[in-house]
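The values are calculated or read from the model by the stated rules, or taken from the named source; none is laboratory data. Because the structure is a prediction, the values reported are computed rather than measured. Reconstructed Cβ throughout: ideal geometry from the backbone, glycine too, with neighbour counts over all protein chains shown.
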Amino acid sequence: MEGELAHIGAGLAAIGSGAAAIGVGHVAGNFLAGALRNPSAAAGQTATLFIGIAFAEALGIFSFLVALLLMFAV
Amino acid sequence: MADDAKGGGGLEFHPMDQFIVKPLFGDVGDPVHWYTITNATLWLALAVLAIIGLMVLTTSKRAVVPGRGQSIAELMYGFVYKMVEDVTGKDGIKYFPYIMTLFMFILCANFLGLIPMSFTTTSHIAVTAILGFGVFFAVTILGFVKNGASFLGLFWVSSAPLPLRPVLAIIEIISYFVRPVSHSIRLAGNMMAGHAVLKVFAGFAQVAAIAPVAIIGVMAIYGLEVLVSAIQAYVFTILTCVYLKDALHPHH
């Protein structure tokens, strides 16, 4: 029974990757909106874009880790 | 689980089988000691050899007009150099060799892991945690050596209103100590998830009805993985630069 519950928990943890997708899309979409208004300033901000995406993505990766732990470690 | 991994005859396999560390010599079930030569050892060594081939052998002639190999090496050098200069500032150039090493190692390990039937060393948290915690300890020690006790000013946000500062300090301290964890798990998680998805799609190809879709899907995801490999190496390096900047200039 516990093993089945762990699988359900792993599936629930996968919701976190969807949330991370919203975050990454938000960062990239807002960057694009700003970049199209002022294309000359966009090139200098790509590093900031990737840092923002990385931070937004990290929490989604944590949920993936939780799912992995439930599947293989618990 | 381990028994299904051998024999690429299109039999049933588990998507996570590709991440099993196996001894190179001897049977699959043999115990792995710290000195055992495993497939992880092999592919880590190959990553180092690839870097030597790319960066040392191609530039050994020091041609004024660079050839193909030397052009690639020079472009990578210039790319990382500019990144360190832009993010960390002029005084971060001193630590450029460390950051260049990190970038080249992660890039080569990621790309070598994309070769079919190879082993992705950076998909293991054991590998990336060494890199991530190495950066964390290096940056923390450097911060204290360079700034002394005023490095703690990193946690005391002087631009915020005074009543808020203790709360912000707690948040800053937590986020500082989560850094090495997220730094290493981001790389390992991205690599592991991408490669597992590749294998899952490859598993769909066994069913004849959806095989064409699955094969096109594998190709598309493989292309995405090439992109992710390069971007994750870039992200790891640029976050190292950001942490280094915090250590050199701790005041907000």
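Numbers for the structure displayed
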| quantity | calculated |
| --- | --- |
| Within the stretch A:33-44, tally of residues that are surrounded by 13 or more Cβ atoms within 10 Å (Cβ to Cβ) and either within 18 Å of the chain's Cα centre (by Cα) or within 14 Å of another protein chain (Cβ to nearest Cβ) (or both) | 0 |
| Residue match in the stretch B:61-73 (condition: within 29 Å of B:Met192 (Cβ to Cβ), among the polar types (S, T, N, Q) and either surrounded by fewer than 20 Cβ atoms within 10 Å (Cβ to Cβ) or at pLDDT below 90 (or both)) | no |
| Subset tally (residues that are at the interface with chain A (Cβ under 8 Å from one of its Cβ atoms) and more than 18 Å from B:Ile221 (Cβ to Cβ)) for the stretch B:178-201 | 3 |
| Close pairs from the stretch B:46-71: first in contact (Cβ under 8 Å) with a residue 40 or more places away in the chain, partner among the aromatic types (Phe, Trp, Tyr), Cβ under 9 Å, at least 6 apart | B:Ala47/B:Phe105; B:Ala47/B:Phe111; B:Val48/B:Phe105; B:Ala50/B:Phe111; B:Ile51/B:Phe105; B:Met55/B:Tyr77 |
| Residue match in the stretch A:45-60 (condition: out of contact with any strand residue (DSSP E or B) (no Cβ under 8 Å at 6 or more places or on another chain), surrounded by 17 or more Cβ atoms within 10 Å (Cβ to Cβ) and over 18 Å from B:Val242 (Cβ atoms)) | yes |
| First in the stretch A:54-65 and more than 8 Å from chain B (Cβ to nearest Cβ) and of a type outside the set (Phe, Trp, Tyr), second anywhere and in a helix (DSSP H, G or I) and surrounded by 21 or more Cβ atoms within 10 Å (Cβ to Cβ), Cβ under 9 Å, 6 or more apart | A:Gly60/B:Gly189 |
